[in-house]
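Data first, discussion second: the structure below is written as structure tokens.
Just so you know, all these numbers are worked out from the coordinates, no wet-lab data involved. Given the structure is predicted, the values throughout are model-derived calculations rather than measurements. No Cβ is skipped: glycine too gets one built from the backbone with ideal geometry, and neighbour counts run over all protein chains shown.
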Amino acid sequence: MSSLRLGESQTPCMGCTPARCGEQGFTLLEVIVALGISVIVMTALYSTFFLSRKAVDAVDDSLLRLQESRALLDTIKREMESALYDSSKVANGKAYTLFKLEDRDFYGKETSRLSFTTFSPLVPGLAKIDYFVEEGDGKLVLKKKIGSAFTQTGEPKSVELMEDVEAFTVEARYGDNWVKTWDSAASNSMPEEIRVSVKVNTKKGETPFMVYEVARPRYGTLL
């Protein structure tokens, strides 16, 4: 570092006065422009984060509803594959076995009521199960009733399985066609295949999705 000699003076910096030489800063206009750019960048980042978070929440809700729907249909499939209808008992006046499928409509939305007798771990012996849809708070709710097929003491209580259902349809295969009504007491037979579909709403504005399962009753069939 060189030192000043006696009688020499340091040359002021360009654009500065001798009193403020070496003191650099920003003007008010530069500060305002920088703040404006920062606000724009932060707004863009926040909007991106908000939209990404909303998309993640929508996906999580859809996946949760999808898992719930598949678990429900898997249970219904297992129960229907264990369904029992004994025409000989009906002929003898012991009509405690049944398989009945009814087509219903709720304000233009397709629904079904399914009643059948099956073997269930929840009820000792033979169980009678009903799946049906009811309206609650302006939404369709899928419900289930289960009780003993032999005793008729009291009405089984219904339990809610899934809320905000767009459609619940059950179809039985008759030849090459799928029909929405079936009564084993009239046909004296069980359908070979039963298709259960449920259409579920997700968040508002999202498109409902549909899942289905096909059950093949095992009673009376060769293994």
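Results, tabulated for the structure shown:
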item	result
Filtered GluC sites (Glu not before Pro), region 151-201: DSSP coil and at most 16 other beta carbons within 10 Å	GLU163, GLU192, GLU193
Cut-off under 5 Å, modelled amide H: who pairs with ALA167 long-range	LYS199
In order through region 163-173: 3J(HN,Hα) via Karplus (6.51 cos²θ - 1.76 cosθ + 1.60), integer Hz, x for Gly, Pro	9, 6, 8, 7, 7, 9, 10, 10, 10, 10, 7
Estimated translational D of region 62-215 in µm²/s (Stokes, Kirkwood radius over Cα pairs; 25 °C; 0.890 mPa s)	151
Overall dimensions of region 124-223 by Cα: Rg and Dmax, Å	16.2, 48
Length added when fully stretched, LEU64-ASP105, from 0.36 nm per residue minus Cα-Cα	12.1 nm
Residue-wise HN-Hα coupling along region 180-185, computed from phi with Karplus coefficients 6.51, -1.76, 1.60 (Hz; x: Gly, Pro)	9, 10, 7, 9, 5, 5
